[in-house]
1. Between beta-carbons, use under 14 Å as the cut-off and find the net charge around Lys274, counting Lys and Arg +1, Asp and Glu -1.
2. Using a 1.4 Å probe on the protein heavy atoms only, what accessible surface does Lys457 show? Give it in Å² to the nearest 10.
3. What is the set of long-range amide H partners of Gly72 at a cut-off below 5 Å, with H atoms built 1.01 Å from backbone N?
4. If you filter the range 18-48 for trypsin sites (Lys or Arg not before Pro), then keep DSSP loop positions with at most 16 other Cβ within 10 Å, what is left?
5. What is the calculated FRET efficiency for Lys450 to Arg475, with r their C-beta to C-beta distance and R₀ = 35 Å, to the nearest 0.05?
6. For the pair Arg91/Lys28, report the inter-label distance in nm, with labels modelled 7 Å from Cα in the Cβ direction.
7. May I ask you to give the percent of accessible area on the range 38-117 that is carbon plus sulfur, with a probe radius of 1.4 Å?
8. Please compute the length gained on full extension between Lys458 and Asp180, using 0.36 nm multiplied by the number of residues separating them and subtracting their Cα-Cα distance.
Amino acid sequence: MGKLDVAMLRYLTSEDFRVLTAVEMGMKNHELVPGSLVASIANLRHGGVHKLMKDLCKHRLLTYERGKQYDGFRLTNAGYDYLALKALTNRKVIASFGNQIGVGKESNIYTVADEDRNPLCLKLHRLGRTCFRNIKDKRDYHAHRNRASWLYLSRISATKEFAYMKALYDRDFPVPRPVDFNRHCVVMDLVTGGPLTHVTAVEDVEGLYDELMGLVVRLGNCGVIHGDFNEFNIMIDAHGRPIIIDFPQMVSTKHPNAELYFDRDVKCVRDFFKRRFGYESSLYPRFTDLERDDHMDEEVACSGYKRTKGIEDELMQEMGICLEVSDDEASGEKDDTEDQQTKYSEDQLAVLRKQVSDSIQHDESKLSTQNVTDNITNLHIDDKTDAEEIPTLVSTEDIQNKDGKEELDKNSQKYRLAMIEKALSDVRSMRSYTSASTIAPEVVKQQVKKNLEVREKKMARKHAIAKGEASAVTRERRDNRETIRESHGLWGWDE
């Protein structure tokens, strides 16, 4: 993910951008987009599309790769950047491109300017870097998906950040003014200043500390938590006022770990002031001190925000899940359940069901452990019996009815030995259901998952990147030749 070079942007034609857009549309349901599909989406001549894709691959805006099932083209980060910059240029949001001023674990920051040469800031989201790939645990971008491309996840991240920034700016929070966004690019005002981590001296340390803690509480009262409120995401402008940046990780105060994130933000500020300025205050906000006076998490649908029951019912009815019951069915059900509802409430019924299930589980576990012990302890075997006098053991069927004519005497030695055999068989059957493994199932699952990941990485290394479509044709002919050779004369010849 090298530096962004926009020199080629001025030389690309409308047909080039049409091909890039066609590849982007094909990547919605294709990991590698075939050339024929690109030609059909772009609605250009096949030969012309092939030449354009070849030139775009030469400039590294597209890449041609070899897949497991088929070969095709994939949009690179530079190609995705060009599409976003082209859209912002057509909207007359930006007119010139400047230098890179910042690099983060999930974004690159550049300086740009509009047609009036007003300086702006362009943030390109770069999810998928080696240092930040555990997106599924740290973000909720995947939602119900099992997998998604890094370009699409970067687009979701940029959309969320623009929504958070706009909502905060409308509430007069000290954040950069959001200008526009497209795909994975967010354009905002350029802050004239530097990050707090570069500040070595402040005129009023206590006042800055109180202002930052007030921002943390104010965010919490609006229903959101920054989640990464530290010296790297706090800018100090030319007038010494703090400005908050970086919002993709914001969560709602209804998040299960909201208190943990809130305490972490407070701790980051306290630790920095103690380490940099030697200032430590006993006064700091706590999560229980928050008083909600706004519902910004509902407006922007922050992570951890849960819809109210009324909204959920409306959405489910629109989807056809919550269907209304007809009058006949309602009357029939009412007659059957009227007596039961008058006796018990729902809470009482839930308590009764829990008590019944607990008692059943307790009785079953108790019976399973006591059956064997009772059978063995109730047996009285004469210790003085010689080994030669012990007869052969009989089955339980002989105990109940021997040839349908006579039963064994319960006081006889033969009956007692048969009961011992029955008890031992019960013990063996119980042991067959128990597991002899001493390794926890979670450890086994983790090891199996790790081995599968290592195997997939090894297989991925074997798939070398193809240089063009000619290599795919050659490989297909080679595979067909091997298939014919292994058919043992099925095709009319044999070696």
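The values are calculated or read from the model by the stated rules, or taken from the named source; none is laboratory data. Note that the structure is predicted; figures quoted are calculated from it, not measured. Every residue, glycine as well, gets a Cβ built from its backbone with ideal geometry; the counts of neighbours run over all protein chains shown. The area values use the complete protein model at the heavy-atom level, side chains included, leaving out ligands, DNA and RNA. Shrake-Rupley method; radii C 1.70, N 1.55, O 1.52, S 1.80 Å.
1. After counting each charged neighbour, the total is 0.
2. Accessible area of Lys457: about 130 Å².
3. For Gly72, whose amide H was placed from the backbone, the distant partners under 5 Å are Glu65, Gly67.
4. Lys28, Arg45
5. 0.65
6. 1.9
7. 46
8. Numbers: separation 278, 0.36 × 278 = 100.08 nm, distance 4.24 nm.
Contour length minus the Cα-Cα distance gives 95.8 nm.
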